[in-house]
Amino acid sequence: MSPKKEKVFCAFCRTPHEVFKEKSFGLRHMILSGLASLCLSFVIWKTYNPKSLLFFVTGLMLAEVFLRLRWRLHINCRTCGFDPVLYKKNPEQAAENVKAFLVKRQAEPGYLLRKPLDLPPRPPSQTKPNKLGPSSKSLSTRI
């Protein structure tokens, strides 16, 4: 059984990517952990031993840790560095991480060969004023 993935879009750059659907363990992981603990019980004690419940609980804890890590590592956008979990907790820190990721991305030599980002437009209140003056739209109109 391969892990189920879901196609989603990045909330920042609108780039499609896949994330794992399973964030926590389910019935399949319980059954596999139970079978593994049963096999370990027969290998170690040659019969079923109640101590194998310790293997079962340990297997469930490891499954939970690895599933959470896998989900958390794959939810970040690889194109712009946006982290939706961090954005829900601290939007300013998420914005700083995206800025740092984009600066690092521009420093790479393969930057010019990549597909350009489809970034959202900035509202007019956040745009910087034109240094050439309000009447100058481009250099060709001034010359």
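The values are calculated or read from the model by the stated rules, or taken from the named source; none is laboratory data. If you're wondering where the values come from, they're calculated on a predicted model, not measured in any experiment. Don't worry about glycine lacking a Cβ; one is built from the backbone with ideal geometry, like all the others, and counts go over all protein chains shown.
Is it the case that L27 is closer than 30 Å to Q106 by Cα and hydrophobic (A, V, I, L, M, F, W, C)? In short, no. Out of all the residues in segment 42-54, is one or more in a strand (DSSP E or B), hydrophobic (A, V, I, L, M, F, W, C) and either over 30 Å from G81 (Cβ atoms) or touching a helix residue (DSSP H, G or I) at 6+ places or on another chain (Cβ under 9 Å) (or both)? Within segment 42-54 (the criterion being in a strand (DSSP E or B), hydrophobic (A, V, I, L, M, F, W, C) and either over 30 Å from G81 (Cβ atoms) or touching a helix residue (DSSP H, G or I) at 6+ places or on another chain (Cβ under 9 Å) (or both)), the answer is no, since none of the residues qualifies. Restricting R114, R122 to those that are within 25 Å of K7 (Cβ to Cβ), at pLDDT below 80 and charged (D, E, K, R) reduces the list to R114. When segment 55-78 is limited to residues that are in a loop (DSSP other than H, G, I, E, B) and either among the hydrophobic types (A, V, I, L, M, F, W, C) or surrounded by fewer than 14 Cβ atoms within 10 Å (Cβ to Cβ) (or both), the one that is modelled with the lowest pLDDT turns out to be R78. If you go through segment 19-58 and keep only what is more than 30 Å from R78 (Cα to Cα) and of a type in the set (F, W, Y), you end up with F42, W45, Y48, F55, F56.
Per the conditions (1) over 28 Å from N97 (Cβ atoms); (2) of a type in the set (S, T, N, Q); (3) modelled with pLDDT under 90, the sole criterion not satisfied by S24 is (1).
Hey, among A94, A63, which residue is touching a helix residue (DSSP H, G or I) at 6+ places or on another chain (Cβ under 6 Å) and touching a residue at least 24 places away in the same chain (Cβ under 8 Å)?
Criteria check complete, one pass: A63.
K7 meets all of the listed conditions (1) touching a Phe, Trp or Tyr at 6+ places or on another chain (Cβ under 9 Å); (2) within 30 Å of Y111 (Cβ to Cβ); (3) modelled with pLDDT of 90 or more; (4) not small (G, A, S) but one, namely (1). Against the definition (aromatic (F, W, Y), closer than 18 Å to W71 by Cα and surrounded by 11 or more Cβ atoms within 10 Å (Cβ to Cβ)), how does F42 come out, yes or no? No, not satisfied. If the condition is being more than 12 Å from the chain's Cα centre (by Cα), surrounded by 12 or more Cβ atoms within 10 Å (Cβ to Cβ) and under 14 Å from P84 (Cβ atoms), then segment 1-22 contributes F12, C13, R14, T15. Among the residues making up segment 24-34, a single one is in contact (Cβ under 8 Å) with a residue 12 or more places away in the chain, assigned to a loop (DSSP other than H, G, I, E, B) and loosely packed, with under 14 Cβ neighbours inside 10 Å: S24.
Looking at segment 79-91, is at least one residue touching a strand residue (DSSP E or B) at 6+ places or on another chain (Cβ under 9 Å), modelled with pLDDT under 95 and surrounded by 11 or more Cβ atoms within 10 Å (Cβ to Cβ)? Within segment 79-91, one or more residues are touching a strand residue (DSSP E or B) at 6+ places or on another chain (Cβ under 9 Å), modelled with pLDDT under 95 and surrounded by 11 or more Cβ atoms within 10 Å (Cβ to Cβ).
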